[in-house]
Amino acid sequence: MFRNNYDNDSVTFSPQGRIFQVEYAQEAVKQGSVVVGIVSKTHAVLAALKRNAEELSSYQRKIIPIDTHYGIALAGLASDARVLSNFMKQQSLASRLTYGRPILLSDITSRIGDRAQTNTQHYGKRPYGVGLLIAGVDARGPHLFEFQPSGVTVECVAGGIGARSQMARTYLERNLDEFENCSREELIKHALRALKDSLSQDKELTVDNTSLGVGGMEENFKMYEGQDIAGWLETTFENKQEGGQAAEGSGEGMELDS
Amino acid sequence: MNHFPEAWGRPRDDIYGSYNASYLPQSRGGLQSHHQPTTHTQQPIVTGTSVLALKFSTGVVIAADNLASYGSLARFTDVHRLKPFNKRAVVGFGGDVSDMQYLDRLLNSLDVEENYTSPTGDAKSDDDRALVDAPLMSAKNLHTYLAKVMYKRRTDFNPLWNALLVCGLDEKDQPFLASADLLGTTFSAPSMATGFGAHLAQPLLRRVAPDEAATQELSKEKAVEAIKECMKVLFYRDARSMNEYSVAVIDQSGVELKEDEKLENQSWAFADRIKGYGTQTV
């Protein structure tokens, strides 16, 4: 009876001036598991919560290194992220080949932004159902960009997208002033804490469901997973328990034993 | 009704008569036959001669004369063959002048594109400003790009008939000098010369800067002087050269380009010892 007549394709406005297909695509991003990103003066960090379809299956990849100087974290349709990441890899390689320089993050971000926007303006096409955080270091220093299915791109100091990411963003907003002068290790801890804040009560960060991506001025972008991040998880949440004051031997309250 | 799809939507022959194709070329069913075959560059026409460049401790100096020859005729005497790209890169062109003009337009559009896609951003502090205001395209990036353009064109069997010297500063603000030619060949050295200069000036420049270590010790004044001396030697012995030239110095402070220099202190004393040319009888 009251079916929405304005959401059949991405080229039709509703009388209120909305394009429903684009809004639905943004919902797909909110269904994806949470990813956060932070930059300091020297480093850019991505942290992501991975999901597995069932206990026995492996976890879906959330962070994709694109070039040696940057990588992306995705929330939403992984298959759409695959298309975008392949495009980004190809564009990054083209920049290295023709000019012998790593592509600027602002440049690659606006290129996928343009691509995503065209999809919202052509009949028979659909918007990408994925949001991305693009983080790394280029000739102009460390950067973090957020990309949305509508084609909107924004540069930020810190950001989070995906399910329950509001909690992560609240943490980031609260600590916003600290990030600029953070060391590499402090930045990683902030990212993990922000990630943890967005989890529901019964969930925890483990070596299996967490992945990290780190890039820096003197450091190539690298993804860390599994046992490589065990140390960070341990130190980060030990401190947090005591409200920022690390107490020796507080193994009792550790959140890693499960 | 015609049932052949290729006729649908076109004026019907039985009403309008058949299409008058007479003005079309023969390949399209017309009568015109005088269209030309596709041609590729086989030889340069209007040419510029040598370009010289030399690295010194903090930058690079490059020079080329202002002559464009039509064969052996000194046809144009006000052609500037050094093209500044931005505040840390200059390209010097030897060879075909029309191809130089094509490349110059290409570089202009590249510069516009570069400034459009990544304009200078908001700088939060003075440290940031240095980072943000720095031109992104270094001489090294420009050389890579130009070498690809040259190689692409030779692969199409339609080369751009030039020998290029690209000089300036690289990403780390160190002096940079490299060449690319019509074959897409690239080369780099502390001193470089194209064309006749490769035979006449290069040995003299190597005496000033035999290796990279020597350029570290070389002052700007010494380098400019060496280049000017070489321009003079080239004018003595290269019949396609002239005594007006352009010289550019690229260092941290930017590009300093002078386009109407004249050779000074010429000495033709050596000339009467040369025998065996013209109407002379030895």
Exercise for the section: Collect the residues in region B:96-151 that are modelled with pLDDT of 95 or more and aromatic (Phe, Trp, Tyr), keeping them in residue-number order. Expected result: B:TYR102, B:TYR145, B:TYR151
Problem - Qualifying positions in region B:73-104 - basic (Lys, Arg), surrounded by fewer than 22 Cβ atoms within 10 Å (Cβ to Cβ) and in contact (Cβ under 8 Å) with a residue 40 or more places away in the chain - result: B:LYS87
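Looking only at region B:186-236, count how many residues are part of a loop (DSSP other than H, G, I, E, B) and open to solvent by 40 Å² or more (accessible area, probe 1.4 Å).
Residues meeting the conditions: 5.
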Problem - Matching residues, region B:6-48, being within 30 Å of B:ASP238 (Cβ to Cβ), modelled with pLDDT under 85 and touching a strand residue (DSSP E or B) at 6+ places or on another chain (Cβ under 9 Å) - result: B:THR41
Practice task
Run B:HIS199 past the list (1) over 17 Å from B:PHE56 (Cβ atoms); (2) in contact (Cβ under 8 Å) with a residue 24 or more places away in the chain and report the number of the one that doesn't hold.
Solution key: (2)
Practice task
Please work out if A:SER95 is of a type in the set (Ser, Thr, Tyr), open to solvent by 40 Å² or more (accessible area, probe 1.4 Å) and either assigned to a strand (DSSP E or B) or within 14 Å of another protein chain (Cβ to nearest Cβ) (or both).
Solution key: no
Handout entry: Selection within region A:98-126 - aromatic (Phe, Trp, Tyr) and at the interface with chain B (Cβ under 8 Å from one of its Cβ atoms)
Key = A:TYR99
Exercise for the section: Among the residues of region A:171-211, write down those that are in contact with a Ser or Thr (Cβ under 8 Å, 6 or more places away or on another chain), assigned to a loop (DSSP other than H, G, I, E, B) and buried (at least 20 other Cβ atoms within 10 Å of the Cβ). Expected result: A:CYS182, A:SER198
Practice task
State yes or no: is B:ALA248 open to solvent by less than 60 Å² (accessible area, probe 1.4 Å) and either of a type outside the set (D, E, K, R) or in contact with a Gly (Cβ under 7 Å, 6 or more places away or on another chain) (or both)?
Solution key: yes
Completion exercise
Scanning region B:1-29 residue by residue, the ones that are open to solvent by less than 100 Å² (accessible area, probe 1.4 Å) and basic (Lys, Arg) total 0
Problem - Residues within region B:148-184 that are under 11 Å from the mean Cα position of the chain (by Cα) and either aliphatic (A, V, I, L, M) or within 13 Å of chain A (Cβ to nearest Cβ) (or both), tallied - result: 8
Exercise for the section: Please tell me if A:TYR99 is touching a helix residue (DSSP H, G or I) at 6+ places or on another chain (Cβ under 8 Å) and among the aromatic types (Phe, Trp, Tyr). Expected result: yes
Handout entry: Matching residues in region A:26-71 - criterion: being closer than 16 Å to A:ALA116 by Cα and hydrophobic (A, V, I, L, M, F, W, C)
Key = A:ALA28, A:VAL29
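Is it true that some residue in region B:237-260 is among the aromatic types (Phe, Trp, Tyr), assigned to a strand (DSSP E or B) and under 21 Å from the mean Cα position of the chain (by Cα)?
Scanning region B:237-260 turns up at least one residue that is among the aromatic types (Phe, Trp, Tyr), assigned to a strand (DSSP E or B) and under 21 Å from the mean Cα position of the chain (by Cα).
The values are calculated or read from the model by the stated rules, or taken from the named source; none is laboratory data. Note that the coordinates shown come from a computational prediction; the quantities given were computed from them, not determined experimentally. Glycine also receives a Cβ, built like all others from the backbone with ideal geometry; neighbour counts cover every protein chain displayed. We work out accessible area using only protein heavy atoms, side chains counted, and drop any ligands, DNA or RNA first. Shrake-Rupley method; radii C 1.70, N 1.55, O 1.52, S 1.80 Å.
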